[in-house]
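We did not get these values from a lab; they are worked out from the coordinates using the rules stated. Here the structure is a predicted model, which is why all the values come from computation and not from measurement. FYI the Cβ positions are ideal-geometry reconstructions off the backbone, even for glycines, and counts take in every protein chain you see.
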Amino acid sequence: MSASVCLRILLDLSDEKLAKLDALGPLVTKVTSAFLETCWSWPDRYSIITPFSFLLTEPSATEVNVARLEKLALELQIKLFGQSKAGDVILLMLDGSELDTARFVQMDHASLKRATQEPLGPTPFGGRLMKISTAADAPSGLHWRTLEVEKAADPATPVSALPISESITVFHGVFAPAMRGLLGSSLVTTPASAATALSLVDSADQLPGEEAMDFDLACLEGAERLLARAPLDGMLFLPVSFSSLMRRSLRETYAAAFKRLPVERRSQLGAAIYDTPRSLVFNAVTQLQAALSPAFAHLDIQISDPAVEVDQIPTGAIQSATFRLPEGDERNRLGAMRRFMDRRDVFARRSLSMGLTYLRTRVELQAALRLEADAISGAAVCGAMSVPIGRVACDPQRLPLKRLG
């Protein structure tokens, strides 16, 4: 059993000082990390998500003991502002799902401050929310208070399903059975304009459809921000629409976005090329390779037909092919999985490793392991995570992963 919460640090500053918030980030990280090294020692773990957000885990607990953190607000207050009245520190703690945590982490400072003002109205995330403020709580001592959410106007609408004002980025772990561990994760950013959460590893109605380029560019922007702020362990796969990239009028827009990815991270970046046609002609493959290879070391074609033709793919141009299981009952899905994996010799001649995605049940997971797929993903493998998953060992019996830690 393992318990995790997300700690978010807000600073109550004047508008002038709030504009300089980024400059305070490294100091907030330094002070908070030093505090956690003392009060959150092994076997408890913490990880830095952003300069103002931390994931805290107690591996052997059912609920995190947050009382240990009550003095952090005062310590930050002193280190940041001394004895002056220049600002106050607010600590927020969320115990929620991975998607709730992603929304919580990615809301900008001002929006989150407004969303957690009291009395607390409906927020873009669910779960239990706690708060400490050096301004409001100091007279009575610094103690966590659980914030009560007012009932939404429509009681049938859960708080976590309410519209959001920002894009949301989540990560899906990719498991390599031969390694008995995860080799990294795929990044998915759902733009705020989307009607539902988007995904390449879930049901067909979560694919981006006509808004594919907007989706791809949002994911590339999310990756750019991620890579700029923290080291990356393992592979990171980013979605790229085949049909959009093949349109000459859009190719320059994609090229500009690819150039913003750090070239020194190329060996860790993979392109998950979706909406790939059943038959790939030689010219299309060479165009793909030319457009993507400068930024991505690994090119993966996502396919939906187990009989896809790969004979036109030059050896070494594409590194892997991932079959997306069809909709329908489990029997048909397992049959399609076997038909795909039975063609291992065909794919081996093109030096293509074979992956499976949209695994949604334990039976499908076990079948994928027996068939020795090279990489697998989907709800049966790993739930949506708010932080990227690196290259880590993991017993297949622990799957699906639902929370980090």
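Considering only Gly335, Gly234, Gly378, give the residue with the highest GNM mean-square fluctuation for the chain, with springs between Cα atoms whenever their separation is below 10 Å.
For the chain, modelled as a Gaussian network with Cα springs under 10 Å, the answer is Gly335.
With the Cα gyration tensor of region 271-405 giving a ≥ b ≥ c as the square roots of its eigenvalues, does the rule (a/c under 1.5 for rounded; else a/b larger than b/c for prolate; else oblate) give rounded, prolate or oblate?
In terms of gyration-tensor shape, oblate.
Per the helix-only calculation at 222 nm, which mean residue ellipticity applies to the chain, given -39500 (n - 2.57) for every DSSP H run of n ≥ 4 and division by its residues, nearest 500 deg cm²/dmol?
-9000 deg cm²/dmol
Within the chain, what percent of beta bridges assigned by DSSP are antiparallel, to the nearest 5?
Around 60 percent of the beta bridges assigned by DSSP in the chain are antiparallel ones.
Can you find, among Thr134, Leu359, Pro396, the residue farthest towards the positive end of the dipole of the chain? Put +1 on the C-beta of Lys and Arg, -1 on that of Asp and Glu.
Comparing the listed Cα positions along the dipole, Pro396 ranks first.
Go through 66-72, 362-368, 185-191 and give me the packing order, highest mean Cβ count within 10 Å leading.
185-191, 362-368, 66-72
Specify which residue in the list Ala228, Gln268, Ala195 is farthest towards the positive end of the charge dipole of region 168-398, using unit charges on the beta carbon of Lys, Arg (+1) and Asp, Glu (-1), about the Cα centre.
Gln268
Mind checking the full-extension length gain between Glu264 and Gln287? Use 0.36 nm per residue of separation minus the Cα-Cα distance, one decimal, nm.
Between Glu264 and Gln287, full extension yields an extra 6.0 nm.
Give me the Debye-computed log₁₀ of I(q)/I(0) at q = 0.09, 0.11, 0.12, 0.21 Å⁻¹ for region 205-341, equal point scatterers on Cα only, no solvent, two decimals.
At q = 0.09, 0.11, 0.12, 0.21 Å⁻¹ the computed log10 ratios are -0.28, -0.42, -0.50, -1.32.
In whole Hz, what ³J(HN,Hα) sequence does region 28-36 give by Karplus (6.51, -1.76, 1.60; θ = phi - 60°), x for Gly and Pro?
With coefficients 6.51, -1.76 and 1.60, one gets 4, 4, 5, 5, 5, 4, 4, 5, 5 Hz.
Which order results if Ser351, Ser4, Ser304 are arranged by neighbouring Cβ count within 10 Å, fewest first?
Ranking Ser351, Ser4, Ser304 by Cβ neighbours within 10 Å, fewest first, gives Ser351, Ser304, Ser4.
Taking the Cα centre as origin and putting +1 on Lys and Arg beta-carbons and -1 on Asp and Glu beta-carbons, what dipole magnitude results for region 168-398, to the nearest 20 debye?
So the dipole magnitude of region 168-398 works out to roughly 520 debye.
Springs between alpha-carbon pairs under 10 angstrom, Gaussian network model over the chain: which of Val170, Val240, Val28 fluctuates most?
Sorting by GNM fluctuation, first place goes to Val28.
Treat every Asp and Glu Cβ in the chain as -1 and every Lys and Arg Cβ as +1, leave all other atoms uncharged, and give the resulting dipole magnitude about the Cα centre to the nearest 20 debye.
Magnitude of the dipole: close to 820 debye.
I want to verify a result. In a Gaussian network model of the chain, Cα cutoff 10 Å, which of these has the top mean-square fluctuation: Pro326, Pro124, Pro43?
Pro43
Rounded, prolate or oblate for region 168-398? Axes are the square roots of the Cα gyration tensor eigenvalues, ordered a ≥ b ≥ c, and the cut-off for rounded is a/c under 1.5.
Cα axes put region 168-398 in the rounded bin.
Put one equal scatterer on each alpha carbon of the chain, apply the Debye formula with no solvent term, and list log10 I(q)/I(0) at q = 0.06, 0.12 1/Å to two decimals.
-0.27, -0.99
R0 = 56 Å: FRET efficiency of Ser111 with Asp395, Cβ-based, nearest 0.05?
The formula returns an efficiency of 0.90 here.
Just want the answer: with Cβ charges of +1 for Lys and Arg and -1 for Asp and Glu, which residue in Leu245, Phe347, Ala291 is farthest toward the dipole's positive end in region 168-398?
It is Phe347.
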